[in-house]
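K.L.:
Below you will find the structure I want to go over with you.
The values are calculated or read from the model by the stated rules, or taken from the named source; none is laboratory data. The shown structure was predicted, so the numbers you read here are calculated from the model rather than taken from an experiment. Methodologically, a virtual Cβ is constructed for each residue, glycine included, from the backbone with ideal geometry; neighbour enumeration extends over all protein chains shown. Ligands, DNA and RNA are excluded from the accessible area calculation, which covers all protein heavy atoms including side chains. Shrake-Rupley method; radii C 1.70, N 1.55, O 1.52, S 1.80 Å.
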Amino acid sequence: TIPFMLSSLALIVLVCSCSSGPERPNMVFILVDDMGYSDPGCYGAEILETPNIDALAAGGLRFTNFYNTGRCWPTRTSLLSGFYPHQILSDPIPGMGISGDSVSPVTSVWLPSILKENGYSTYHSGKWHIVRKVPEHSQLSHSEVGFDRSYRTEDGRHLRPRHLWEDGVEIPLPEEGSGYEASMAIVDHAIKYLEAHKKDRSDEPFFEYIACIAPHFPVQALQEDIDQYRDKFLVGCDVIREQRAENRKELGFEVHEVNPLEPERFAPWNLSPEEMITQIDPAETGRAIPWNELTEEQQDFQAMKMAIHAAMVTRMDHEIGRYVEALKQLGYYKNTIIFFCSDNGASTEIMNRADKHTIGAVAGSADTYLCLGPGWSSAANTPFRLHKTWVHEGGIATPLVVHWPNGISDRNAFRNMPSHIIDIAPTMLELAGIDPAGLNARTEAPGISLVPFLSQEMKTKRDPLFWHHEKKKALR
């Protein structure tokens with residue numbers, strides 16, 4: 001008990017020293033969409049290159065038991081509220097009396113608003129999808145949540161956006177042939193807000209929420225990014241799963257058995273086999289089938305899709321590197337804490353919506369609508385079972401990289417404490433010198449602050465973590 005008390009006292013000194021006046025840290029949260037647990041190199045990827053995320057991990061921490069909610073909008077709601085999505089009525093639980101006008105969320109106070117009220121400038125760039133489903137489906141605005149500036153993209157519009165918004169107002173689209181790519185545009189605006197902050201608000205700390213839409217389906221990428229991975233995944237998803245498991249062992253992760261593929265588990269709303277053949281390609285398959293059971297045509301087609309997925313992740317990583325360089329150029333790097341994670345595991349979904357798939361179009365172009373699918377999703381989620389929307393580890397486990405030169409001295413280290421996206425809001429409030437109890441409204445916020453874990457590996461008591469999504473349930 002005494003060593004724990006002493007370490008806690010040291011942490012109080014650390015937080016106090018960095019949470020007063022201009023020394024309060026800037027805070028950046030980078031959330032990516034549908035990225036698998038082992039897609040970053042620092043979590044096990046083999047061919048897929050993520051040098052900038054890996055560099056953040058080498059200079060900071062990797063959490064090995066960090067969780068999201070298993071789906072995009074519930075994770076985003078939890079991140080910005082500090083509550084489970086069910087408590088905010090973003091992902092209500094059927095049969096729990098949550099219906100009609102008589103129910104209200106446990107709080108209407110959002111993390112950006114609290115930070116803003118306490119002297120932080122707040123910025124958002126990228127995907128939004130902050131919704132409430134009760135009493136009626138509604139999407140909140142950036143200003144309701146507390147952002148000073150916001151650049152918002154559409155889901156899945158990686159190369160050809162149909163709508164873009166800035167500060168809630170629709171803005172002109174990029175010209176045809178401009179080379180628009182969503183990760184590039186999202187980071188362009190994140191850097192633009194940084195530069196304006198330096199010019200106009202240099203005496204204030206900032207919180208910036210960067211929400212990439214990569215690598216969510218459809219898999220689309222710049223041709224130059226796809227070319228670097230062409231044919232590299234012909235070895236197949238089975239081999240890649242084994243390679244990633246070995247890589248993780250060498251990196252120092254806990255060893256997990258790689259379970260067999262589960263062909264019978266796929267998203268129930270996927271295209272039927274007949275629809276895949278007629279709408280996408282005769283070589284498409286909606287099952288996680290062992291590689292040696294696929295035809296040569298199917299192997300070529302599946303390897304090509306994974307090449308595009310890898311290209312999206314690598315482009316997103318490149319843009320994160322560009323953002324980090326901007327932090328350095330503007331003098332913010334050393335006192336900025338950066339968090340990086342995914343909103344859910346890689347996806348087994350195979351659909352054909354929005355602009356629809358054009359048969360014969362160049363794979364990965366804006367005219368295509370291809371999805372990663374369950375075989376490669378299983379590889380991306382190595383070593384865990386199943387996919388996005390499931391509450392098995394393959395759906396809810398995410399990398400969490402935390403990097404802060406001024407505040408983290410135990411670098412290239414693991415943190416194994418079970419933790420969750422609900423923990424981010426109390427962590428940020430403590431870092432900002434704000435009482436995390438400010439999150440509380442009708443009920444106490446369920447998360448814990450991760451600030452103590454920035455200094456050392458430790459364990460602490462916490463309430464069990466739970467998941468409930470589309471009748472799938474889990475408890476840890």
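K.L.:
When the chain is fully extended, how far beyond the present Cα-Cα distance does E325 get from I359, taking 0.36 nm per residue of separation? Present the calculation step by step, with values, prior to reporting the outcome.
P.N.:
Details: separation 34, 0.36 × 34 = 12.24 nm, distance 4.00 nm.
Net length gain for the segment: 8.2 nm.
K.L.:
Starting from the Cα of K472, draw a straight line to each of the lysines and keep only those under 22 Å, dropping any in the same chain fewer than 8 residues away.
P.N.:
Of all the lysines, those that pass the test against K472 - Cα under 22 Å, at least 8 places apart if same chain - are K133, K388.
K.L.:
For the chain, what % of the accessible area comes from carbon and sulfur atoms, probe 1.4 Å? Display every interim value, and only then the final one.
P.N.:
Details: 9540 of 18500 Å².
Carbon with sulfur: 52 percent of the solvent-accessible area.
K.L.:
For the stretch 174-257, with every protein chain kept in place, what is the accessible area per residue (1.4 Å probe, Å²)? Walk me through the numbers on the way to the answer.
P.N.:
Working: 3940 Å² over 84 residues.
On a per-residue basis, 47 Å².
K.L.:
Quick one: dipole size for the chain, taken about the Cα centre, charges +1 on Lys/Arg Cβ and -1 on Asp/Glu Cβ, in debye to the nearest 20. Don't jump to the answer; show the numbers that get you there.
P.N.:
On the way: 44 positive and 63 negative charges, 291 e Å.
Charge dipole of the chain: 1400 debye, to the nearest 20.
K.L.:
Using unit Cβ charges (K, R positive; D, E negative) and no other charged atoms, how large, in debye to the nearest 20, is the dipole of the stretch 16-175 about its Cα centre? Write out the running numbers ahead of the final one.
P.N.:
Values: 13 positive and 19 negative charges, 51 e Å.
It comes to approximately 240 debye.
K.L.:
Still on this structure: Just report the Cα centroid separation between the stretch 405-439 and the stretch 33-100, whole Å.
P.N.:
With the stretch 405-439 and the stretch 33-100 each reduced to a Cα centre, they are spaced 15 Å.
K.L.:
Rounded to the nearest 5, what is the percent of antiparallel bridges among the DSSP beta bridges in the chain? Working shown, then result.
P.N.:
Working: 18 of 45 bridges.
For the chain, the DSSP antiparallel bridge percentage is about 40.
K.L.:
Moving to a separate point now. Enumerate the lysines that K198 could reach by cross-link, defined here as Cα to Cα under 19 Å, with residues fewer than 8 away along the same chain left out.
P.N.:
K116, K328, K334
K.L.:
State the answer as a single residue: which of C72, P85, P51 lies farthest towards the positive end of the charge dipole of the stretch 28-120, with beta carbon charges of +1 for Lys and Arg and -1 for Asp and Glu, about the Cα centre.
P.N.:
Toward the positive end, the furthest listed residue is P85.
K.L.:
Can you tell me how the stretch 317-474 classifies by the Cα gyration tensor, rounded, prolate or oblate, using a/c under 1.5 as the rounded cut?
P.N.:
Values: a/c = 2.14, a/b = 1.41, b/c = 1.51.
Cα axes put the stretch 317-474 in the oblate bin.
K.L.:
Which one, L330, V255, Q279, is farthest towards the positive end of the dipole of the stretch 251-340 when Lys and Arg carry +1 and Asp and Glu -1 on their Cβ?
P.N.:
The Cα lying farthest towards the positive end belongs to L330.
K.L.:
Please give the per residue accessible area of the stretch 345-406, computed with a probe of 1.4 Å over protein heavy atoms only, in Å². List each step's numbers first, then the result.
P.N.:
On the way: 1460 Å² over 62 residues.
Dividing the accessible area of the stretch 345-406 by its residue count gives 23 Å².
K.L.:
At a probe radius of 1.4 Å, what is the per-residue accessible area of F207, in Å² to the nearest 10?
P.N.:
0
K.L.:
Select one label from (1) 21.5, 68; (2) 24.9, 78; (3) 25.1, 83: the one whose number is Rg and Dmax of the Cα atoms in Å as derived from the coordinates shown.
P.N.:
Computing Rg and Dmax of the Cα atoms in Å and matching it to (1) 21.5, 68; (2) 24.9, 78; (3) 25.1, 83 gives (1).
K.L.:
Of the listed peptides 67-73, 341-347, what is their order by residue-averaged count of other C-beta atoms within 10 Å, with the highest listed first? Let's see the in-between values first.
P.N.:
Numbers: 67-73: 25.9, 341-347: 28.1.
Top of the packing list down: 341-347, 67-73.
K.L.:
For E296 and D435, FRET efficiency with R0 = 56 Å and r from the beta-carbon atoms, rounded to 0.05? Could the numbers behind the result be given before it?
P.N.:
Values: r = 62 Å, r/R0 = 1.11.
Given R0 = 56 Å and the Cβ-Cβ separation, E is 0.35.
K.L.:
Could you pull out the longest piece of the chain with no exposed loop GluC sites (Glu not before Pro) in it, calling a site exposed if DSSP puts it outside H, G, I, E, B and it has at most 10 other Cβ atoms within 10 Å? Kindly include the intermediate steps, with their values, before the conclusion.
P.N.:
On the way: sites that count: E136, E175, E176, E257, E264.
The longest such stretch corresponds to 265-476.
K.L.:
For a Förster distance of 30 Å, can you work out the FRET efficiency between the beta-carbons of V169 and S108, rounded to the nearest 0.05? Could the numbers behind the result be given before it?
P.N.:
Numbers: r = 24 Å, r/R0 = 0.80.
That pair, V169 with S108, gives E of 0.80.
K.L.:
Can you tell me the dipole magnitude for the stretch 226-315 around its Cα centre, using point charges on the Cβ only (Lys, Arg +1; Asp, Glu -1), in Debye to the nearest 20? Intermediate values should be presented prior to the final figure.
P.N.:
Values: 10 positive and 18 negative charges, 92 e Å.
With Lys and Arg at +1 and Asp and Glu at -1, about 440 debye.
K.L.:
Positive end of the charge dipole of the stretch 359-476 (Lys, Arg +1 and Asp, Glu -1 on Cβ, about the Cα centre): tell me which of A366, S449, A379 has its Cα farthest that way.
P.N.:
A379
K.L.:
Grab the beta carbon distance between E254 and K473, set R0 = 30 Å, and tell me the FRET efficiency rounded to 0.05.
P.N.:
Numbers: r = 24 Å, r/R0 = 0.81.
Given R0 = 30 Å and the Cβ-Cβ separation, E is 0.75.
K.L.:
Next question, about the same structure. Compute the Cα gyration tensor for the stretch 429-476, then decide on rounded, prolate or oblate, letting a ≥ b ≥ c be the square roots of its eigenvalues: rounded whenever a/c is under 1.5, prolate when a/b is larger than b/c in the other cases, and oblate in all that remain.
P.N.:
Working: a/c = 2.78, a/b = 1.37, b/c = 2.02.
Taking the square roots of the gyration eigenvalues as a ≥ b ≥ c, the stretch 429-476 is oblate.
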